[in-house]
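Data block below; observations after.
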Amino acid sequence: MQTTNLLRTIRLTAWIAVAVCLTGAGIYFITARAPDIQRVIGGAAGIGGPFQLTAHTGQPVTERDLAGKPYAIFFGFTRCPDVCPTTLLDMTSRLEELQGDADKLRILFVSIDPERDSPEFLADYMKSFDKRITALTGTTAQVASIAKAYRVIYEKVPGGGRDYTMNHTATVYLFDAKGGFVSTIAYQENEKNQRAKLRRLIRLAG
């Protein structure tokens with residue numbers, strides 16, 4: 001376990017270094033916006049919907065592929081220096097803690113930066129995290145469509161030269177096995193709450 005954690009730390013550090021080097025100003029800035037869901041959509045029933053994306057394995061994925069298991073879904077991008085890798089590491093830790101129950105849950109990471117996050121690039125990036133987490137990308141229109149369905153806010157922020165970063169919602173959305181919205185996990189919510197919410201999600205599935 002210590003060796004695995006060390007390798008993960010090394011990989012993650014390397015990715016953060018790449019992110020910093022790729023910015024013209026040398027620093028990536030991200031706004032972790034976690035909107036008040038009830039205020040934004042006027043009710044939990046409005047979150048979620050049909051989508052067509054491509055997994056980091058190259059396989060097509062739609063909302064129909066999620067039926068039968070509860071899932072957690074969140075949005076970000078690979079060049080994010082803080083919020084996204086932190087959330088991915090949190091989900092990696094939670095899956096390890098769930099042990100045998102981890103296979104009863106799906107974790108999805110949707111890129112809101114399709115210009116740079118190809119399936120191949122995502123596949124390399126995801127080697128730093130639990131293999132049970134599926135990264136998704138698509139065309140600009142496909143990403144915009146799923147972001148709208150899940151009430152996710154994101155925007156491109158110009159950097160130096162032709163470079164840019166992304167502002168985006170940092171919330172993890174939790175859904176039951178029928179695709180019904182259940183609750184959320186806020187960015188950097190304490191680990192005890194994260195564990196409790198994921199275990200409850202699994203219990204709801206029976």
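The values are calculated or read from the model by the stated rules, or taken from the named source; none is laboratory data. Because the structure is predicted, anything quoted here is derived from the model rather than measured. Ideal geometry is used to build each Cβ from the backbone, glycine not excepted, and the neighbour counts take in all protein chains shown.
Quick notes on this structure:
- Some residue of the range 79-87 being basic (Lys, Arg), farther than 18 Å from Val172 by Cβ and in contact with a helix residue (DSSP H, G or I) (Cβ under 7 Å, 6 or more places away or on another chain): yes
- Residue in the range 80-91 that is in contact with a Lys or Arg (Cβ under 7 Å, 6 or more places away or on another chain), touching a residue at least 40 places away in the same chain (Cβ under 8 Å) and not hydroxyl-bearing (Ser, Thr, Tyr) present: no
- For the range 171-180, the criterion of being farther than 17 Å from Tyr71 by Cβ, of a type outside the set (Ser, Thr, Tyr) and modelled with pLDDT of 95 or more is met by no residue.
- Qualifying residue in the range 185-199 (condition: aromatic (Phe, Trp, Tyr) and within 19 Å of Ala55 (Cα to Cα)): no
- Taking the range 160-171 as the range and being over 13 Å from Asp113 (Cβ atoms) and touching a Ser or Thr at 6+ places or on another chain (Cβ under 6 Å) as the test, only Thr171 passes.
- Where Arg79 falls short, out of the listed (1) part of a loop (DSSP other than H, G, I, E, B); (2) surrounded by fewer than 23 Cβ atoms within 10 Å (Cβ to Cβ); (3) under 16 Å from the mean Cα position of the chain (by Cα): (2)
- Scope the range 178-196; condition of a type outside the set (Gly, Ala, Ser), under 17 Å from Phe74 (Cβ atoms) and in contact (Cβ under 8 Å) with a residue 40 or more places away in the chain; matching residues: Phe181, Val182, Thr184, Ile185, Tyr187, Gln188, Glu191, Gln194, Arg195
- Within the range 148-196, the set of residues being of a type in the set (Phe, Trp, Tyr) and within 17 Å of the chain's Cα centre (by Cα) comprises Tyr150, Tyr154, Tyr173, Phe175, Phe181, Tyr187.
- Filtering Thr134, Thr169 for residues that are among the polar types (S, T, N, Q), touching a Leu at 6+ places or on another chain (Cβ under 6 Å) and closer than 24 Å to Leu201 by Cβ leaves a single hit, Thr134.
- Condition check for Leu122: at pLDDT 95 or above and closer than 23 Å to Ala196 by Cβ: no
- In the set (1) surrounded by fewer than 22 Cβ atoms within 10 Å (Cβ to Cβ); (2) among the hydrophobic types (A, V, I, L, M, F, W, C); (3) within 18 Å of Val182 (Cβ to Cβ), Leu89 fails one condition alone, (3).
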